[in-house]
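Notes follow once the structure below has been shown.
The values are calculated or read from the model by the stated rules, or taken from the named source; none is laboratory data. All figures in this text were calculated on a predicted structure; none of them were measured in a lab. Cβ: placed from backbone, ideal geometry, glycine included. Neighbour counts: every protein chain shown.
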Amino acid sequence: MSNNNHLSSELIIILFDNFSKINTMRIMSKYLTRTMLPFFFGALGIFFVIIFMQQFVRFFNMALIYGINFWWIGKVVLSLVPNILSISMPLAFQIAILLSLTSLNENGEIMALRQSGFSFKEISKPFFKAAVFTTIFLLVLYNFLSPIGYRQIQNAKHEIRSKISKVILEPRSLVNIAGWKFYAEEIDEINEQQNYIKDVFLASQMKNSNVKINAPDGTIDLTENAINILLNDGEVQRVDKDLNKTIIAKFNKYKITIPLFRKVGERTVKIREKTIFQLAAAIKANGLNKEKTNEYKTELSVRQVFALSPIIFFLLSVPIGFLLPKKSKGFGMVLSIGILFSFYMLMALGISIGKNVSFLAYIAPYLPIFVGMGGSVILWKKLKI
């Protein structure tokens with residue numbers, strides 16, 4: 001309650017102070033910006049933590065499985081920040097701008113500003129500045145920082161799979177080992193490198209291989225470069241996709257060697273790892289097939305669309321916030337979710353068109369921008385600014 005009184009007192013200064021128009025505008029701009037910031041950083045924090053925790057748990061589990069130290073986790077966590085911010089900021093901005101406006105409207109502050117002679121255009125200026133600042137920051141994120149961060153994550157993941165220094169084996173735990181899933185009901189140490197294993201299950205995770213192996217017991221040798229598994233009296237199930245049938249073979253002894261070292265340089269660089277200049281250079285070089293060219297062109301446009309999204313959210317949310325009746329904060333949240341959902345659905349449609357229709361590869365991803373601008377023209381006309 002005291003906070004509302006404080007805000008109201010600031011508004012009284014705006015309405016009745018005898019400063020010049022410029023000074024009054026400056027005070028109003030600061031006040032409206034301060035109204036929006038708690039909503040923005042609150043929403044940003046929530047989205048950031050949710051996405052961060054999902055990613056952190058995944059990489060933490062990888063570190064545990066492969067015995068990688070926590071410095072590796074720290075390096076990956078830092079690389080995640082640009083990617084998480086690029087996802088979180090547009091969402092947070094949309095929610096913040098509409099909730100702050102519905103809050104101001106609910107408290108009668110929009111009406112008070114209007115009665116004091118401020119136009120809708122003047123009231124909206126602080127929000128427009130915030131949209132432009134957020135867009136500039138997102139342009140840097142999407143085109144440079146996020147691809148670099150994503151590349152570091154992929155390098156770290158490849159490194160952990162290529163240079164496994166330790167494999168943690170625990171009974172009754174399903175462990176991923178260099179393309180295989182391994183499970184043993186019992187694991188008893190024979191010596192420092194060799195373990196006796198009982199009720200063993202192995203399954204290949206490689207793309208072109210569907211093999212499952214079961215055995216009552218065996219041994220597993222852990223060396224620096226490989227894992228050697230010797231199984232007794234079991235069976236191998238191999239799925240033949242061409243013949244559409246499963247081939248089962250019994251064995252007395254079966255040995256599997258799983259190499260733990262692969263060349264790091266063999267990794268294929270993904271499109272998300274390329275900066276805007278690298279994407280443009282690849283397209284200009286004409287070394288891509290038609291499908292890849294469409295994908296690169298679409299990716300180039302998608303990044304700009306996501307970066308421009310705060311301006312579209314501003315153009316849609318500000319007139320909606322002005323037009324909504326009082327006591328509509330809950331409805332404002334629903335509208336925010338509706339705008340976000342529509343934006344991302346149109347984006348998905350634009351991406352699909354861009355990847356499949358060559359001459360629309362650059363333009364199609366801008367579909368939510370075109371629709372958003374058309375909708376905003378109708379809404380702003382209703383304000384009669």
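Quick notes
- When residues of segment 102-135 are limited to those that are polar (S, T, N, Q) and within 17 Å of residue 381 (Cα to Cα), the one farthest from the chain's Cα centre (by Cα): 119
- Pair list, Cβ under 6 Å, 6 or more apart: segment 140-153 residue under 19 Å from residue 297 (Cα atoms) and of a type in the set (Lys, Arg), other residue part of a helix (DSSP H, G or I) and at pLDDT below 95: none
- Condition check for residue 12: under 30 Å from residue 177 (Cβ atoms), in the same structural domain as residue 339 (by TED's automatic domain parsing) and either at pLDDT 90 or above or surrounded by fewer than 16 Cβ atoms within 10 Å (Cβ to Cβ) (or both): no
- Consider segment 272-315 and keep the residues that are among the charged types (D, E, K, R) and over 17 Å from the mean Cα position of the chain (by Cα). The one that is surrounded by the most Cβ atoms within 10 Å (Cβ to Cβ) is 297.
- Selection within segment 42-58 - aromatic (Phe, Trp, Tyr) and either without any contact (Cβ under 8 Å) to a residue 40 or more places away in the chain or outside the structural domain of residue 96 (by TED's automatic domain parsing) (or both): 52, 56
- Positions within segment 325-346 being touching a Leu at 6+ places or on another chain (Cβ under 8 Å) and not charged (D, E, K, R), in sequence order: 331, 332, 333, 335, 336, 339, 340, 346
- Residue, modelled with the lowest pLDDT, within segment 276-301, restricted to residues that are among the polar types (S, T, N, Q) and over 19 Å from residue 353 (Cα atoms): 286
- Candidates 348, 364 - the one that is within 23 Å of the chain's Cα centre (by Cα), hydrophobic (A, V, I, L, M, F, W, C), farther than 19 Å from residue 103 by Cα and surrounded by 22 or more Cβ atoms within 10 Å (Cβ to Cβ): 364
- Put simply, of 337, 312 the only residue that is touching a Gly at 6+ places or on another chain (Cβ under 6 Å), closer than 21 Å to residue 39 by Cβ and either of a type in the set (Phe, Trp, Tyr) or in a helix (DSSP H, G or I) (or both) is 312.
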